[in-house]
Amino acid sequence: MISTVTTTTTTTTTTTAATSATSATAAATTAVTSADILGYSLIAVVALIAFLALKEILSSEAGKNSKINTFINSSNIAILPLLFVFGAVVAYKVVTVM
């Protein structure tokens, strides 16, 4: 399954001496293949596992060091978007299998 994203850019140039205007439109298409999605999803899942493991390991040291406690509390900023990506990857895999 190949998904395409099309971006259209419009550039308008107006001359002050003449009343003519030149308009140029350029379209760029980027194809995202299943292999690309697999590669990006692998990176996201590995990062999610690393952040969750690090948070769990450091939680035993949270009471001893305030910097570790701050890291544990703020690590949800990285974990939450990665969970959304993981959910999207699972949904994509379910849709492609069915």
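Each reported figure results from applying straightforward, stated rules to the coordinates on display, with no laboratory input. From a predicted model like this one, the values you see are computed outputs, not experimental measurements. Methodologically, a virtual Cβ is constructed for each residue, glycine included, from the backbone with ideal geometry; neighbour enumeration extends over all protein chains shown.
Structure data summary
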| read-out | value |
| --- | --- |
| Stretchable slack from SER60 to VAL85, in nm (0.36 nm times residue separation minus alpha-carbon distance) | 6.2 nm |
| The stretch 40-53 - phi-based ³J(HN,Hα) in whole Hz, Karplus 6.51/-1.76/1.60, Gly and Pro as x | 5, 5, 5, 4, 5, 5, 5, 5, 4, 4, 5, 5, 5, 5 |
| Sites matching trypsin sites (Lys or Arg not before Pro) across the stretch 22-98 that sit in DSSP coil, with at most 11 neighbouring C-beta atoms within 10 Å | LYS64 |
| Nitroxide proxy distance, nm - points 7 Å out along Cα→Cβ at ILE68 and VAL97 | 3.9 nm |
